[in-house]
1. Dipole size in debye (nearest 20) for the protein assembly as shown around its Cα centre, Lys and Arg Cβ +1, Asp and Glu Cβ -1?
2. Would you kindly work out the equivalent ellipsoid of chain B from its C-alpha gyration tensor and give its semi-axes, the square roots of five times the eigenvalues, largest first in whole Å?
3. Counting only other chains, what is the mean number of Cβ atoms within 10 angstrom of the Cβ of each residue in peptide B:61-72?
4. Which ordering of A:Leu108, A:Leu46 is given by a fewest-first count of other beta-carbon atoms within 10 Å?
5. Which pairs, out of A:Lys57/B:Lys41; A:Lys15/B:Lys41; A:Lys58/B:Lys38; B:Lys18/B:Lys41, put more than 28 Å between their alpha-carbon atoms?
6. Lone cysteines in chain B, defined as no other cysteine's Cβ under 4.7 Å from theirs: which are they?
7. For chain A, give the magnitude of the charge dipole about the Cα centre (Cβ charges: +1 Lys/Arg, -1 Asp/Glu; no others), in debye to the nearest 20.
8. Filter B:Lys19/B:Lys53; A:Lys5/B:Lys40; A:Lys42/B:Lys36 down to the pairs with a C-alpha to C-alpha distance above 18 Å, please.
Amino acid sequence: QQQVKQSPQSLIVQKGGISIINCAYENTAFDYFPWYQQFPGKGPALLIAIRPDVSEKKEGRFTISFNKSAKQFSLHIMDSQPGDSATYFCAAGIQGAQKLVFGQGTRLTINP
Amino acid sequence: DTEVTQTPKHLVMGMTNKKSLKCEQHMGHRAMYWYKQKAKKPPELMFVYSYEKLSINESVPSRFSPECPNSSLLNLHLHALQPEDSALYLCASSQGWGAGELFFGEGSRLTVL
């Protein structure tokens, strides 16, 4: 119930392509869904987040799509660049609970 | 540049040593966190302090002892660790209560020999 399942584990995309990472959850109490980006040797940094009252949120080249009925959300990176190569973690949380449940991560490589 | 500062960046210690990891934030955040991250794995929550009081302890072994001297500082005291405790230890902070944006530090890479 508390798990967030993330796929794929690794992804290779050509420069300029679209990177898509998917996450699924079971706990319908989750009401906050962030994506974190982590470069080697660095801590994770918040990339973009969504709450379940909207189905899509876009910030620059990054878009979260949210499907409440399917209990799924995904990250789309448009025009992927080599600098986007990193590990991406989806997460889910409950307002007031102070605890995020992280997916297992996706190692993204953008080939030049 | 991260606004959560962790020291030291690297630490090597023996199983009988006592050491401490330190974390500092000056964003006025009232919640601070310790996470443990193994290679190629997501961060795992260890402890949460809210308004300088321990609010969450994720059943962490007593060889890890957190301390929050004030709202800007968070320490993790280490004693009698095991080699399997080798990991990246991440400090994070957030504004107030609830699941909001976590600001992570760059971490302290711990190796236990």
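What follows draws every value from the coordinates through simple rules; no lab data is involved. Keep in mind that what you see is a predicted model, and the values were worked out from it rather than measured. Neighbour counts run over all protein chains shown; Cβ positions are idealised from the backbone, glycine included.
1. Around 420 debye, computed over the protein assembly as shown.
2. Its equivalent ellipsoid spans semi-axes of 22, 14, 13 Å.
3. 0
4. A:Leu46, A:Leu108
5. From A:Lys57/B:Lys41; A:Lys15/B:Lys41; A:Lys58/B:Lys38; B:Lys18/B:Lys41, over 28 Å: A:Lys58/B:Lys38.
6. Those would be B:Cys68, since no other cysteine Cβ in chain B comes under 4.7 Å of theirs.
7. Taking the Cα centre of chain A as origin, the dipole is about 120 debye.
8. The pairs that break the limit, which is 18 Å between Cα atoms, are B:Lys19/B:Lys53.
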